[in-house]
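Undergrad: The structure's right below; bear with me while I get my questions together.
Where a number appears in this text, it was derived from the coordinates with a stated rule and is not lab data. Keep in mind the model is a prediction, meaning the values are calculated, not measured. Every residue, glycine as well, gets a Cβ built from its backbone with ideal geometry; the counts of neighbours run over all protein chains shown.
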4 protein chains.
Amino acid sequence: MNDNAKQIALHTQAMIEAGRMFHSRGWVPATGGNFSVKLSSDQVLITASGWHKGELAADGFLVAGLDGKPLDATRKASYETLLHMQLYQHDSKIGAALHTHSIANTVLSRRHSKIRLAGYELLKLLPGINTHDAEVSVPVFANDQDIARLAAHVDEHMKQHPETPAYLIAGHGLYAWGANVAQARHRVEALEFMFECELWSEKK
Amino acid sequence: MNDNAKQIALHTQAMIEAGRMFHSRGWVPATGGNFSVKLSSDQVLITASGWHKGELAADGFLVAGLDGKPLDATRKASYETLLHMQLYQHDSKIGAALHTHSIANTVLSRRHSKIRLAGYELLKLLPGINTHDAEVSVPVFANDQDIARLAAHVDEHMKQHPETPAYLIAGHGLYAWGANVAQARHRVEALEFMFECELWSEKK
Amino acid sequence: MNDNAKQIALHTQAMIEAGRMFHSRGWVPATGGNFSVKLSSDQVLITASGWHKGELAADGFLVAGLDGKPLDATRKASYETLLHMQLYQHDSKIGAALHTHSIANTVLSRRHSKIRLAGYELLKLLPGINTHDAEVSVPVFANDQDIARLAAHVDEHMKQHPETPAYLIAGHGLYAWGANVAQARHRVEALEFMFECELWSEKK
Amino acid sequence: MNDNAKQIALHTQAMIEAGRMFHSRGWVPATGGNFSVKLSSDQVLITASGWHKGELAADGFLVAGLDGKPLDATRKASYETLLHMQLYQHDSKIGAALHTHSIANTVLSRRHSKIRLAGYELLKLLPGINTHDAEVSVPVFANDQDIARLAAHVDEHMKQHPETPAYLIAGHGLYAWGANVAQARHRVEALEFMFECELWSEKK
């Protein structure tokens with residue numbers, strides 16, 4: 001296997017395992033969720049449409065250009081591919097992006113226009129944070145089946161708020177990212193944990 | 001193995017795995033729940049009575065006619081077999097039906113006469129829905145130990161409301177379906193996820 | 001292996017697997033819980049003291065007489081052995097008894113002197129019930145470190161209320177039983193499921 | 001393998017398995033949590049920084065002196081190493097310490113300055129308690145990125161309250177201990193179970 005194919009195999013395995021972990025938590029219900037890794041400045045490896053993200057295999061992925069179109073025109077990329085591309089174009093340091101649906105992130109995103117998280121030790125997993133004594137704001141965007149329009153809306157917000165650590169789509173889920181799959185996955189875990197704490201706190 | 005036996009083996013395996021996944025979520029408690037696949041216009045493959053649906057094996061299934069009676073008269077079909085038959089007779093496109101019990105669907109069905117689900121991205125898994133900006137109504141039927149009577153009641157409702165995406169039996173559980181086990185299973189996951197979101201939302 | 005040893009091996013395996021399933025649900029925390037099977041009119045096979053019930057092995061069990069004392073005097077039986085013996089002496093049809101701790105049964109038993117369960121399909125798993133349109137009352141006994149006294153108290157109640165399907169010890173857990181481990185385990189699943197539904201219902 | 005290496009291998013395996021169990025419960029999210037075992041009066045074996053504690057392997061551990069510094073200066077010890085050292089210096093009977101993050105312990109520690117637990121059978125897992133009819137107070141310390149200062153604060157409290165069975169850091173998690181990993185792990189399970197019961201009880 002040449003270097004390129006070896007890299008793809010490693011990224012594929014990392015995303016397959018992240019998907020299994022998320023599935024054990026109930027964070028990739030039905031065929032919801034999608035994952036990607038940046039391969040180069042103009043190519044990404046992304047989950048294919050219709051696959052259950054907790055039961056991925058090597059052929060559950062495809063390579064697409066930054067316009068979101070699969071290199072192999074017979075393949076069908078994830079419906080939300082443009083949201084992944086927006087992240088890679090926004091910040092060249094982003095190497096992987098993961099999208100999850102959880103009960104907590106779905107319920108909270110239907111109630112609020114942004115989720116404020118403060119005073120949690122796990123905030124230290126988020127970009128630019130090195131203390132629990134911090135506060136982040138996770139924006140909630142209205143859902144939109146016109147993905148290009150939604151991606152433009154997200155991009156506008158992130159240009160105005162470069163400190164945005166992740167975002168939510170109302171009634172739909174979380175988008176989180178990192179330099180690689182491991183960092184992105186740890187951020188998903190930290191955010192989903194804090195969202196669940198917030199959900200319990202709103203009950204009081 | 002001839003073609004027919006091979007088909008049965010594939011359907012059996014799909015239902016065994018769906019059962020294991022549901023069991024990991026707590027959706028097939030004790031011996032609750034039941035699964036079926038349509039084999040032909042007059043035969044179905046259905047889970048046998050008394051088996052724990054999270055621990056099925058090949059002999060946990062039997063073939064029955066559309067009247068609900070097992071071909072092998074020594075076998076005992078699932079108690080709710082007629083509810084599966086009603087679905088196959090109602091719509092020839094239905095190829096598989098799955099029945100699950102979850103905390104969320106049991107609690108909600110004891111409180112309401114129907115469950116309205118709106119604004120969820122996962123609605124797109126349901127028949128005829130292609131946007132989150134939709135609304136479905138999942139009817140709740142009173143439980144009834146006379147299964148023939150309950151099946152007739154369900155059938156009457158579905159003839160009047162052909163858009164019914166799934167239904168609940170109060171204090172008993174969910175019936176969902178699809179063209180095959182995979183689609184039916186994804187719909188169960190999507191519905192159970194949305195029911196759990198609704199359960200949390202009713203707390204507020 | 002002679003017949004007796006083969007029987008013990010089968011019972012041991014059934015209890016090991018029940019323990020693993022309960023552990024996956026969080027129903028045997030720390031070294032809490034205990035399981036037994038009646039071997040004959042004067043001998044029972046019961047979990048040994050100090051073993052984590054989700055991680056049992058063949059040497060995690062011992063044989064005891066109906067007075068609760070291990071045949072092998074060097075072994076230490078489960079602290080609550082007399083509660084198991086009370087059941088076998090109360091009703092000769094009982095062949096297995098399982099004790100679990102769950103969040104739901106612990107919270108509910110600290111709030112109430114009895115738990116009424118009505119209208120659930122899963123009631124049909126309990127002794128003498130063949131319809132959802134039924135009602136059972138699960139008594140809650142105050143906890144007591146004098147197990148002989150607690151067993152006598154339970155026995156007095158069960159003689160007055162022979163229809164008792166299971167019981168709770170406040171802040172401590174559930175005792176359920178059946179003709180064999182499978183039936184007892186299914187009853188535990190059904191009861192824990194209904195308790196969790198009740199816990200959610202009390203929130204409203 | 002000599003005796004010392006054999007001991008380290010056993011302790012490592014115990015902590016790897018404890019981590020997997022905690023991960024299945026969601027108690028070691030992202031790279032949160034850390035575990036240690038006392039090797040001698042001046043050496044401890046502790047989890048390395050940055051490892052996911054649910055996915056540990058043999059090289060995820062390092063040996064450190066009681067000042068918290070790794071013997072191998074190229075390694076990076078867990079950020080909270082001084083909290084582990086405080087415990088070993090406070091009480092020579094402590095042989096292992098485990099730190100977990102759970103939804104329950106995070107939510108409760110953000111609301112209260114101490115958590116009172118009374119009337120639970122599982123209290124018997126805690127040091128010095130042999131009945132459910134007891135009461136313990138789990139102190140909550142404010143979080144602090146200056147770990148040396150936090151450790152000093154904890155130490156002062158434990159000298160005044162030697163009966164302290166475990167402690168919480170607000171919005172951060174639980175520290176529990178025992179003579180060995182098994183006892184510490186059972187205490188974590190018992191405490192996390194009781195915290196979850198308390199969280200449900202605060203909802204009423």
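Undergrad: Longer than 22 Å from Cα to Cα, which of D:LYS38/D:LYS159; B:LYS53/D:LYS53; C:LYS53/C:LYS76; B:LYS76/B:LYS114; B:LYS76/B:LYS159; B:LYS76/C:LYS124 are they? Say none if no pair is.
TA: Values: D:LYS38/D:LYS159 20 Å; B:LYS53/D:LYS53 33 Å; C:LYS53/C:LYS76 15 Å; B:LYS76/B:LYS114 32 Å; B:LYS76/B:LYS159 30 Å; B:LYS76/C:LYS124 17 Å.
Violating the 22 Å Cα-Cα cut-off are B:LYS53/D:LYS53; B:LYS76/B:LYS114; B:LYS76/B:LYS159.
Undergrad: Okay, moving on. Pull up all non-local amide H partners of C:ALA134: gap of 5 or more, or a different chain, and H-to-H distance under 5 Å with H placed in the peptide plane.
TA: Amide H neighbours of C:ALA134, under 5 Å, 5+ apart: C:GLY119, C:TYR120.
Undergrad: Could I ask something else about it? I want the local charge near C:ALA170. Using Cβ-Cβ distances under 14 Å, sum +1 for each Lys or Arg and -1 for each Asp or Glu among the other residues. Intermediate values should be presented prior to the final figure.
TA: Details: positive: C:ARG110, C:ARG111, C:LYS114; negative: C:ASP144, D:GLU121, D:ASP133.
Surrounding charge for C:ALA170 is 0.
Undergrad: Using 7 Å Cα-to-Cβ label points, what is the A:ARG149/A:ASN180 separation (nm, one decimal)?
TA: 4.0
Undergrad: Something else about it: Once phi is turned into ³J(HN,Hα) by the Karplus curve 6.51 cos²θ - 1.76 cosθ + 1.60 with θ = phi - 60°, what whole-Hz value does each residue of the stretch A:144-155 show in order, with x for glycine and proline?
TA: 7, 6, 8, 5, 4, 5, 5, 4, 5, 5, 4, 4
Undergrad: How about the stretch A:98-200: which trypsin sites (Lys or Arg not before Pro) there lie in a loop by DSSP and see at most 15 other Cβ atoms within 10 Å?
TA: In loop regions of the stretch A:98-200 (DSSP not H, G, I, E or B), there are no sparsely surrounded trypsin sites (Lys or Arg not before Pro).
Undergrad: Quick one: net charge of A:ASP42's neighbours, Cβ under 15 Å, K/R +1, D/E -1?
TA: +1
Undergrad: Still on this model: For A:MET85, what is the net charge nearby, where nearby means another residue's Cβ is under 11 Å from its Cβ and Lys, Arg count +1, Asp, Glu -1?
TA: -2
Undergrad: To continue, here is another question. Give the relative contact order (percent, whole number) for the stretch D:67-204; include only Cα pairs under 8 Å separated by 6+ residues.
TA: Reported as a whole number, the value is 32 percent.
Undergrad: Against the empirical 2.2 N^0.38 Å scaling, what ratio does the C-alpha Rg of the protein assembly as shown come to?
TA: 0.98
Undergrad: Could you list, bin by bin from short to long, the percent of Cα-Cα pairs of the stretch C:49-204 in 5 Å steps?
TA: Result returned by the calculation: 2, 9, 17, 22, 22, 15, 8, 4, 1, 0, 0.
Undergrad: Using modelled amide H (1.01 Å from N, peptide plane; none on Pro or chain starts), what sits under 5 Å from the amide H of C:LEU39, excluding residues fewer than 5 places away?
TA: Long-range HN contacts for C:LEU39: C:VAL44, C:LEU45.
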